[in-house]
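The values are calculated or read from the model by the stated rules, or taken from the named source; none is laboratory data. Computed from a prediction, not measured in an experiment: that's the story for all the values here. Positions of Cβ are backbone-derived with ideal geometry, glycine not excepted, and every protein chain shown enters the neighbour counts.
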Amino acid sequence: MERSDELREQEADDPDPGAAAAAALVFRTLTPEEARVLHEELKTTPNILGYTVPELLRFRQVVVAEAGNVFVGACLSKDLAFGWTDIAVLYVLPAFRGRKIGTLLYAAAFEKVRRRGRHVFTLSRSPEVIGLMERFGLELTRSVWRAPFAFHLYMNQHMTSVYRIKESIRKAASLKNSHPLVAGTKKRDAP
């Protein structure tokens, strides 16, 4: 398990050190129980169509927030083709929101992607995540057609999942009233 250097740096700069100290960030995969909790929580938000428990367990680029031994939230990323990485899920359990944990999770995932020399992609309806995309300098668009080709290749398979089709139908009413999708991209720095 690797504790985020970014967390330590941000804790030092944070005007409210108690907020960051409430959760430690660890780079590791989800446990089966954490995946079950996250799966159930994702069903409650219109912002993410969700993933099955086996899909969540297959993510290898995961930043987990823990308070003691308690799962607080996670940020999950996956590599796509052509050097792109999708920061696909950012979720903090409701009891732990408002403590900047989501910001710390996204920052840790973002920096890890950048250190690996990859392009960053994020797609979200969440105003909080869109704010993070702006803060981290991603180029934003409301046109998903302007997303990287690697994303379109992945989404063809991703969206044909029976689970996601059912979730799309179940969440259809709430999706009509939610924020529009925003895609954010940031190309890796030139060598």
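Being touching a helix residue (DSSP H, G or I) at 6+ places or on another chain (Cβ under 6 Å) and closer than 21 Å to Ser174 by Cα narrows it down to one residue among Leu132, Leu123, Leu90, Leu104; which is it?
Numbers: Leu132 fails: closer than 21 Å to Ser174 by Cα; Leu123 fails: touching a helix residue (DSSP H, G or I) at 6+ places or on another chain (Cβ under 6 Å); Leu104 fails: closer than 21 Å to Ser174 by Cα.
Leu90 is the lone residue from the list that is touching a helix residue (DSSP H, G or I) at 6+ places or on another chain (Cβ under 6 Å) and closer than 21 Å to Ser174 by Cα.
One line per residue, one yes/no per condition, for (1) part of a helix (DSSP H, G or I); (2) surrounded by fewer than 14 Cβ atoms within 10 Å (Cβ to Cβ); (3) not hydroxyl-bearing (Ser, Thr, Tyr):
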site	(1), (2), (3)
Ile130	yes, no, yes
Gly137	no, yes, yes
Ala150	yes, no, yes
Tyr154	yes, no, no
Glu167	yes, no, yes
Ser174	yes, yes, no
| query | Are any residues in the stretch 70-123 of a type in the set (A, V, I, L, M, F, W, C), free of Cβ contacts under 8 Å to residues at least 12 places away in the same chain and assigned to a helix (DSSP H, G or I), and if so, which ones? | reply | Ala95
| query | Is it true that some residue in the stretch 72-89 is touching a His at 6+ places or on another chain (Cβ under 6 Å), modelled with pLDDT of 95 or more and either crowded, with 18+ Cβ neighbours inside 10 Å or not aliphatic (A, V, I, L, M) (or both)? | reply | yes
| query | For Lys187, all conditions in the list (1) surrounded by 15 or more Cβ atoms within 10 Å (Cβ to Cβ); (2) touching an Asp or Glu at 6+ places or on another chain (Cβ under 9 Å); (3) more than 14 Å from Gly50 (Cα to Cα) hold save one; what is the number of the exception? | reply | (1)
| request: Tell me, please, whether a residue that is at pLDDT below 90 and either within 17 Å of Arg60 (Cβ to Cβ) or more than 17 Å from the chain's Cα centre (by Cα) (or both) can be found in the stretch 124-144. | output: yes
